[in-house]
Structure formats: structure tokens, C-alpha cells
Amino acid sequence: MLLRIVLMLIALACGGSSQSIADGLNPNSAIYSQVKGLDERIFQAYNTCDLATLADMVDDNLEFYHDKTGLSLGKANFIKAIKNNICHKVRRELVVSTLQVFPLQDYGAIEIGEHTFCNMAETPVCRDETNGIGKFFMLWQKQGDQYRLTRVISYDHLSDRERRAMHR
């Protein structure tokens with residue numbers, strides 16, 4: 001909730017309107033639909049190890065912050081990490097009910113939400129014992145007629161088992 005208020009204040013200070021913020025939270029808005037489509041496309045590539053599509057959707061100067069592995073800089077490092085650590089080992093799924101999208105004036109859009117990660121190395125079917133969940137913040141920049149991912153913060157990664165234990 002605090003994050004929503006801060007984002008709204010930033011948008012208003014930069015000349016945005018509260019209507020554009022509200023539209024970004026509306027699943028029927030154009031910006032929400034567009035960013036949800038970007039999310040689907042980039043993670044379809046992630047899940048199928050389509051490194052060419054991933055490379056095309058990521059900015060050369062990507063900054064990727066991960067709570068478990070730290071900072072990774074650049075497209076080349078990102079693609080290498082996906083190839084070595086993710087391909088055919090992990091599947092990511094968006095928790096659609098958590099998706100929030102905010103327009104960012106003269107830049108692009110902010111995407112916030114939660115996602116699950118299934119450990120495909122252990123089982124081809126997601127199970128609570130091997131499934132993980134995390135939160136993310138992604139910054140999409142409009143570059144010409146295409147959006148590219150420029151910043152990612154991926155954090156609060158826990159297995160479903162760890163998360164349930166915390167809430168007991």
C-alpha cells in the first residue's frame with residue numbers, strides 16, 4: 001500500500017494524473033494489457049530457453065538485482081546466467097492476482113508482482129516441497145516501437161514450505 005502511495009505521489013509530481021495511475025492497476029487498461037503481454041512473452045522465452053527472444057527483450061545495460069545472487073550487470077551476463085542456471089531446470093509462473101502496472105511518463109512502465117518458480121530438475125510437476133515464490137519489480141523502457149527490460153529487482157524468495165511455516 002505504501003508503495004502505491006509513493007508511486008502515485010511521484011507520478012503527480014512529474015505531471016502525471018491519478019487517472020493514469022488508476023488505469024495502470026486496471027486489468028482492462030491498455031498499459032496493463034501491454035505489460036502483461038510483455039511479461040508473458042519474456043517468461044515464455046525464459047521457460048523454453050529461447051535465448052534469442054530473451055536477448056531481444058532485454059536492454060544491453062540491464063541491471064538485475066536478486067536477493068540470493070546479488071547484482072548482475074548487462075545483457076550478456078543475464079543470458080549466460082539463464083543458459084547455465086535456468087534452462088530446463090526452472091519454470092516461472094506469474095501470480096496474476098498480484099500483478100500491478102504503472103505508467104512511467106516519458107520512459108515506459110513499472111511492473112510489480114509475485115511469481116512462483118517450479119524446480120523442474122526435481123520434478124516436471126510443481127509441488128509445494130520444491131515450488132518457490134518471490135516478489136519482483138521490473139522496469140520496461142519504450143525504445144522506439146519496442147519495450148525492453150532495463151531494471152529488475154527480484155526479492156523475498158522462499159519455498160512454499162518456508163512461507164507456510166512463517167505464517168503459522
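The values are calculated or read from the model by the stated rules, or taken from the named source; none is laboratory data. Note that the coordinates shown come from a computational prediction; the quantities given were computed from them, not determined experimentally. Cβ: placed from backbone, ideal geometry, glycine included. Neighbour counts: every protein chain shown. The protein model used for the area step is the full one, side chains on, heavy atoms only, and it has no ligands, DNA or RNA in it. Shrake-Rupley method; radii C 1.70, N 1.55, O 1.52, S 1.80 Å.
Can you name every residue in the range 85-95 that is in a strand (DSSP E or B) and among the aliphatic types (A, V, I, L, M)? It would help to see each step written out before you state the result.
Quick first cut of the range 85-95, residues in a strand (DSSP E or B) only: 90-94.
Correct list: 90, 94.
Of everything in the range 27-67 that is β-branched (Val, Ile, Thr) and either within 20 Å of residue 110 (Cβ to Cβ) or touching a Cys at 6+ places or on another chain (Cβ under 6 Å) (or both), the residue that is surrounded by the most Cβ atoms within 10 Å (Cβ to Cβ) is 35.
Can you go through 74, 70, 24, 15 and tell me which one is surrounded by 13 or more Cβ atoms within 10 Å (Cβ to Cβ), over 15 Å from the mean Cα position of the chain (by Cα) and modelled with pLDDT under 95? Exactly one residue qualifies, and that residue is 24.
For the range 124-137, does any single residue satisfy the condition of being under 17 Å from the mean Cα position of the chain (by Cα) and open to solvent by 40 Å² or more (accessible area, probe 1.4 Å)?
Keep residues of the range 124-137 that are under 17 Å from the mean Cα position of the chain (by Cα), which gives 132-137.
Okay, now just the ones that are also open to solvent by 40 Å² or more (accessible area, probe 1.4 Å), so 135, 137.
For the range 124-137, residues under 17 Å from the mean Cα position of the chain (by Cα) and open to solvent by 40 Å² or more (accessible area, probe 1.4 Å): present.
Scanning the range 96-108 for residues that are under 18 Å from residue 61 (Cβ atoms) and either open to solvent by less than 40 Å² (accessible area, probe 1.4 Å) or in a helix (DSSP H, G or I) (or both) turns up just one, 108.
For every residue, the table says whether it meets (1) part of a helix (DSSP H, G or I); (2) in contact with a Gly (Cβ under 8 Å, 6 or more places away or on another chain).
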{"position": "40", "(1), (2)": "yes, no"}
{"position": "64", "(1), (2)": "no, no"}
{"position": "83", "(1), (2)": "yes, no"}
{"position": "117", "(1), (2)": "no, yes"}
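Test residue 93 against the stated conditions and say whether it is loosely packed, with under 13 Cβ neighbours inside 10 Å and either at pLDDT below 95 or in contact with a Gly (Cβ under 8 Å, 6 or more places away or on another chain) (or both). So residue 93 fails the test. Cβ separations smaller than 6 Å between residues 6+ apart or across chains give the following pairs from the range 84-111 residues that are among the basic types (Lys, Arg) to residues that are open to solvent by less than 70 Å² (accessible area, probe 1.4 Å) and outside any strand (DSSP E or B): 89/120; 91/47; 91/120; 92/43; 92/46.
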